[in-house]
Each structure stands twice: as structure tokens, then as C-alpha cells.
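First comes the structure, then the notes that go with it.
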Amino acid sequence: GVGYARLQSGWAKTEQKKGKYDFSWIDAHVDGLIAEGINPWMCLCYGNPIYSDHGLNLGAGIFDDGPAMDAWLRYVKACVRRWKNKVTMWEVWNEPDGGKGSPEAYANLFVRTAKAIRQVDPDAKIASFGACSPDRAYIRESMKHIAEAGGVKYMDYLTYHGYWPIPEDIVPAVQQLRKEMDAYSPSIGLLQGETGCP
């Protein structure tokens, strides 16, 4: 049966007043999945309008540094503390390659977020990207910056979203992605995070 379910953390919904977190709305989902024998997998993504105007939904842009990043990292740590023994994997952002930030910006976000996760839970599993594009150039460029920053060691998985009209058509792209990731670390797993066709 189903082993894992992907949730999105909802920073703007959880922190509506600075420094005050209300996780009650999502606790029910985390605990409900566990009660059904399903492992929650949490995607940490999107902004919060009390800190920046980067957006709080699918089109949200990636913030680089400053108060928004500082608040984001505090929020990430609060999430990991909250669900340390419940959530099986933390995914950093959703579809950054969909025009929401440069490869450099995503690399910076991934490395800083992954470090914050591991500070709270050294054994945490961390996934990257949630990539939506069939063009792997964004991943290649981001990985160069992640590697330069020493961030490959934080990456347990790379997730991708396969919205191909013919599902089998994704296979060559995934095989090529596997070869490219092997150049960084063969231990980085590939996971399909979303899928479907129009």
C-alpha cells in the first residue's frame, strides 16, 4: 500500500505573528497519516508576508538573505523540533526551477536550510529540489553551487515531478539525471514527488 505522503508545511499559515507558531492545523494531518501507517514527508516551502513579499503559494520566490532568511531558518528549526520523531524526510522547497529563483539562490537556500535541519536532528533525511522542469540545466547549475558550498553531504534525495503526457517518456530523463547525480554522490537517491498527465 501507500508508504509515504508528502505534506507542505505552510509557513504563512503557521506563523501569523512574528515568533508565534501554531502547528495545530497541520498536526492533525501528521498524526492522522501516522495513525494510518503512512510516513509523513514534509516539504518546507514558500514565504511569509509578515517578513517579505516573496509570495506564499506556488509562485513564491526564493529569498536570499536578510530578515526573511533568518525568520525562515527559525521556522525550519521549529518544524524539525516539532516533528523530529514523526516526519521521515524534509524536502527543501517546491519546484524552484519553475522561475522562482536562480540556481544560485536555490543553492544558498538549500544549504542553509539543510544545515538548520541537521542542527536540530543530525539523523534527518533531507531531499532537494522538487524539480518540475524536464530541462535538467537548472539542477546541473544548482548542484555546482551546492557542491561549492559543501552542501552535497546534506542531500539524501533529489525529488522530481513527472507531469509527462506519456508517463514512460520520463524514463530517459531520469536515467540521465541518475548519471549526473552519480558524479556528485551515488548515494543520493532519486524520488518522484509528484506525477500525473493532463
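With a length cut of 15 Å (Cα positions projected on each helix's long axis) and a Kyte-Doolittle mean of at least 0.5, go through the chain and give me the DSSP H helices that pass. Kindly include the intermediate steps, with their values, before the conclusion.
On the way: long enough: 24-35 (16 Å, 0.69); 67-83 (24 Å, -0.21); 103-120 (26 Å, -0.02); 137-148 (17 Å, -0.52); 171-182 (16 Å, -0.67).
Those that clear 15 Å and a mean of 0.5 are 24-35.
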- [ ] Any chance you could look up the accessible area of Met89 with a 1.4 Å probe, heavy atoms only, rounded to 10 Å²?
- [x] 10
- [ ] Starting from the residue with the highest accessible area, list Leu33, Leu58 in decreasing order, probe 1.4 Å.
- [x] Leu58, Leu33
Task: For segment 46-52, Karplus couplings with θ = phi - 60° (6.51, -1.76, 1.60), whole Hz, Gly/Pro x - done: 6, x, 9, x, 6, 10, 7
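How would His161, His29 line up by accessible area, probe 1.4 Å, largest first?
Details: His161 0, His29 100 Å².
If we order His161, His29 from most to least accessible, we get His29, His161.
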Task: Calculated FRET efficiency for the pair Ser102/Trp164, C-beta based, R₀ 25 Å, to 0.05 - done: 0.45
Task: Alpha-carbon centroid distance for the pair segment 1-26 / segment 68-143, whole angstrom - done: 15
TODO: Could you state the accessible area per residue of the chain in Å², with a 1.4 Å probe and every protein chain left in place?
DONE: 47
Open item on the list: Given the whole protein assembly as supplied and a 1.4 Å probe, what does the accessible area of Val76 come to in Å², nearest 10?
Closed with: 0
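Among bridges DSSP assigns within the chain, what percent are antiparallel (round to 5)?
Numbers: 1 of 23 bridges.
Taking every DSSP beta bridge within the chain, about 5 percent pair in antiparallel fashion.
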- [ ] Check the chain and count each lysine pair with an alpha-carbon distance under 13 angstrom, considering only pairs eight or more places apart or from different chains.
- [x] 6
Task: R0 of 22 Å, Cβ-Cβ distance Lys17-Asn57: FRET efficiency to nearest 0.05 - done: 0.65
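The values are calculated or read from the model by the stated rules, or taken from the named source; none is laboratory data. These numbers come from a predicted model, not from an experiment. Positions of Cβ are generated from backbone atoms using ideal geometry, with glycine treated the same way; all protein chains shown enter the neighbour counts. Ligands, DNA and RNA are stripped out before the accessible areas are found, and what is left, the full protein with its side chains, is counted by its heavy atoms. Shrake-Rupley method; radii C 1.70, N 1.55, O 1.52, S 1.80 Å.
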